[in-house]
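Working notes for the structure below.
The values are calculated or read from the model by the stated rules, or taken from the named source; none is laboratory data. A quick note: this is a predicted structure, and the numbers were derived from the prediction, not measured. Neighbour counts run over all protein chains shown; Cβ positions are idealised from the backbone, glycine included.
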Amino acid sequence: MEYIYGALLLHKLGKPVTEEHLNKVLEAAGAQIDESKVKALIASLQGVDINAELENANVAVAAPSAAVAVEVEKKEEKPSESAAGLASLFG
């Protein structure tokens, strides 16, 4: 995961996402560097528009948030129903 974070940091700062730069970021962060993972990540990012992918990720994340809000509202109704049931035991 630190490899992806490093690549995103480089991108955010406007630096080229290269093996050399990523290695420097990982080294500065104190991570143990696996050269094969660095090479694989850099190869997988070739030709990828990171800005476009981040925009798509934001849209994908927004949809589940709405579903979670609805589910939370449903769960909040259950404790009042449970309390009514307990009251009938002692009434």
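Numbers for the structure displayed
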{"quantity": "Flag for residue 71 being at pLDDT 95 or above and assigned to a helix (DSSP H, G or I)", "calculated": "no"}
{"quantity": "Count of segment 29-43 residues which are surrounded by fewer than 16 Cβ atoms within 10 Å (Cβ to Cβ) and over 14 Å from residue 5 (Cβ atoms)", "calculated": "7"}
{"quantity": "Residue satisfying all of: in segment 11-28; under 17 Å from residue 1 (Cα atoms) and surrounded by fewer than 12 Cβ atoms within 10 Å (Cβ to Cβ); nearest to the chain's Cα centre (by Cα) among these", "calculated": "12"}
